[in-house]
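Have a look at the structure below before the remarks.
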Amino acid sequence: MPNVPAVLPPRTQTWLDLTALFDPAGRRADPLAEGRALDWMRLYRLATAHLVAPQLYARLATRDALAAVPAAIGAALAELHRLNAARNARLRRVLHDTVRLLNEAGIEPLLLKGSIALLPGQYPQAEARMLSDLDLALHNAEAEAAEAVLWAAGYRNAENIPDRQGHAAHHHLAPLFHPRGDGYVELHRRLLAGRFPAEALPLAAVRAAAVPVAWEGLRLWVPSLEHRLLHNALHHQVQNDAYRSGRRELRQLLEFAHLRALPPAAGIDWPGRLAVLDRLGLGEAVRGYLLAGERLFAQPLPPGVVPGAASRRRERRFWFLLERPRLGKLHTQVRHYTRRLGNLPKRLVTPSWYPEKACYLRQQLRQRWSGARSDPGRSGL
């Protein structure tokens, strides 16, 4: 009997179709060539929800496959790509201005995460990569020194950050907006939040292994490929709590897959890195990330990497809850409030928690007051 392809649940099919359309490692079967109708509305919604719609358009355009997309969805993807390309051009000017000012003060920044994509030759179809901000650490100085330089040049905090005291214990300083308002910069003192051990990804080690880049006469640095992969994995799984919560951010997973597909990535000693992270209680989270990449992008697990029972259980739970959104929402809410109650005693004895909480409450009050003034009916006035 001929092999009959298994019929997958709809949400699972959409995730696998979307990741196959990207296919950064060249290992997935092409869903456009399988002779079945794709649910383009589901694909569009998933891509927009995970901030990869401009990348989907760029990928389809590169493959000369836009004719397969319904006209309305193709037009929407094209417009999102156009808008994002324009925004990235503005962010590139902000990055150029920022690096120039720092270089003039003898400071050479170390670019992190999405800001690296703005450099020539660092990311495929960089105009399609969505960014929220520009993340910089400093290769030869401290963040506070760079902050003083940018303040002197007219960079300022957002209005909802009235002072910088709330960021005193944060892993980066308060965001600084460019004088033109085209984007903002975050200057990092650590690569992970203070509640995680700095030994997981020490900034000093990342600086020491960084690669110098010359860009239009400017001096800057990018982390090594190994450190970019580790930062991406730890940021998604640990910093953003995706491992414990069961969430997935496709934009981050796609970037991880792109980086893993680069030939030098084959030489990374994953077992050695994971042994260090295991001592810090973070190794299984990274194994779970590699396991997700295997399912989504068909990238084999690195030699010597064996995900444990916890990672495999979380992998199964993700796909189970994906098809049961109401149960998934209930699971998220229960976990959220259980964790908040469990963390409360620790927060009450942490001095830095009080200014951060006060800053948050001030922001909430301002937003409510602004909303009441703009919509008197909501406030009962």
Please work out if Q333 is of a type in the set (S, T, N, Q) and modelled with pLDDT of 70 or more.
no
Cβ-Cβ below 8 Å, separation at least six or inter-chain, first residue in the range 150-172 and surrounded by fewer than 17 Cβ atoms within 10 Å (Cβ to Cβ), second at pLDDT 60 or above and part of a strand (DSSP E or B): which pairs?
W151/L176; R156/L176; R156/F177; A158/F177; A158/Y184
So P263 ticks every box in (1) of a type outside the set (A, V, I, L, M, F, W, C); (2) touching a residue at least 24 places away in the same chain (Cβ under 8 Å); (3) more than 25 Å from L322 (Cβ to Cβ) but one. Which box is left unticked?
(2)
Counting only residues that are of a type in the set (A, V, I, L, M, F, W, C) and closer than 13 Å to A137 by Cα, which one in the range 179-200 is surrounded by the fewest Cβ atoms within 10 Å (Cβ to Cβ)?
L192
Among the numbered criteria (1) hydrophobic (A, V, I, L, M, F, W, C); (2) closer than 24 Å to A85 by Cα; (3) part of a helix (DSSP H, G or I), which one does V238 miss?
(2)
Pairs, please: C-beta under 7 Å, at least 6 apart or cross-chain, first residue of a type in the set (S, T, Y) and in the range 97-109, second in a helix (DSSP H, G or I)?
T98/L150
Which pairs do you get when a residue that is closer than 22 Å to L322 by Cβ and free of Cβ contacts under 8 Å to residues at least 60 places away in the same chain, found in the range 293-305, comes within reach of a residue that is of a type in the set (A, V, I, L, M) and outside any loop (DSSP other than H, G, I, E, B), reach meaning Cβ atoms under 8 angstrom, with the pair 6+ apart or on two chains?
G293/L253; G293/A257; L301/L290; L301/L291
Hey, among the residues in the range 286-326 that are surrounded by 14 or more Cβ atoms within 10 Å (Cβ to Cβ) and touching a His at 6+ places or on another chain (Cβ under 9 Å), which one's nearest to P197 (Cα to Cα)?
Y289
Checking T48 against (1) under 20 Å from Q299 (Cα atoms); (2) surrounded by fewer than 19 Cβ atoms within 10 Å (Cβ to Cβ); (3) at pLDDT 90 or above, which test does it fail?
(1)
Somewhere in the range 211-218, is a residue under 18 Å from the mean Cα position of the chain (by Cα) and aliphatic (A, V, I, L, M)?
no
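The values are calculated or read from the model by the stated rules, or taken from the named source; none is laboratory data. Predicted model only: the values in this text are computed from it and were never measured. Positions of Cβ are generated from backbone atoms using ideal geometry, with glycine treated the same way; all protein chains shown enter the neighbour counts.
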